[in-house]
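Single-structure report; data block below.
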Amino acid sequence: MEFDKRSPIYEQLKQYYKQVIVAGEYQPGEKLPSRRDIAQEFKINPNTVQRALKELEEEEIIVSEPNVPSTVTMNEAVINKLKRTMLYEAMTQFYESIQPLGINSEEVVTYLEEYISERGGKHA
């Protein structure tokens, strides 16, 4: 992962962990790397890691206890809500970017299905 200069590193790290959790790279109840290990992996300050993980904890995405590695929440409703929120944000950006094209919803669905198929993904 490479950080950009447009937003704070802790926000980018937080977004990264949200994505990998939603994608299932970390399962509910699974331990996350230690703050020190994360800092070393991404070559960032441990305080930056602490801030990102603290916010993930406040959002109930991870659970942290003193002297124990943080874990992904066991509450799958929280993960599903996060997934829906992230999808909605992506759809909002997509919708706003295609408005100038003047295409209808049927065309959007057709093009999207073709795109997903070409990329080797699944669709309904």
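Before moving on, here are some points about what is shown:
- Matching entry among Ile62, Ile21 (being of a type outside the set (Gly, Ala, Ser) and touching a Phe, Trp or Tyr at 6+ places or on another chain (Cβ under 8 Å)): Ile62
- The numbered conditions (1) surrounded by 14 or more Cβ atoms within 10 Å (Cβ to Cβ); (2) touching a residue at least 24 places away in the same chain (Cβ under 8 Å); (3) not in a helix (DSSP H, G or I) are all true for Leu56 except (3).
- Restricting the range 12-26 to residues that are assigned to a helix (DSSP H, G or I) and among the aromatic types (Phe, Trp, Tyr), the residue that is surrounded by the fewest Cβ atoms within 10 Å (Cβ to Cβ): Tyr16
- Extreme residue, nearest to Gly29 (Cα to Cα), among residues of the range 62-86 that are out of contact with any Asp or Glu (no Cβ under 9 Å at 6 or more places or on another chain) and open to solvent by less than 80 Å² (accessible area, probe 1.4 Å): Ile62
- Filter result for the condition that a residue is within 25 Å of Glu2 (Cβ to Cβ) and either touching a strand residue (DSSP E or B) at 6+ places or on another chain (Cβ under 7 Å) or of a type in the set (Asp, Glu) (or both), over Ile44, Ile61, Ile38, Ile21: Ile21
- Selection of the range 59-99 for residues being β-branched (Val, Ile, Thr) and either more than 13 Å from Gln15 (Cα to Cα) or not in a helix (DSSP H, G or I) (or both) yields Ile61, Ile62, Val63, Val68, Thr71, Val72, Thr73, Val78, Ile79, Thr92, Ile98.
The values are calculated or read from the model by the stated rules, or taken from the named source; none is laboratory data. All figures in this text were calculated on a predicted structure; none of them were measured in a lab. Every residue, glycine as well, gets a Cβ built from its backbone with ideal geometry; the counts of neighbours run over all protein chains shown. Keep in mind that these areas ignore ligands, DNA and RNA; they rest on the heavy atoms of the full protein, side chains included. Shrake-Rupley method; radii C 1.70, N 1.55, O 1.52, S 1.80 Å.
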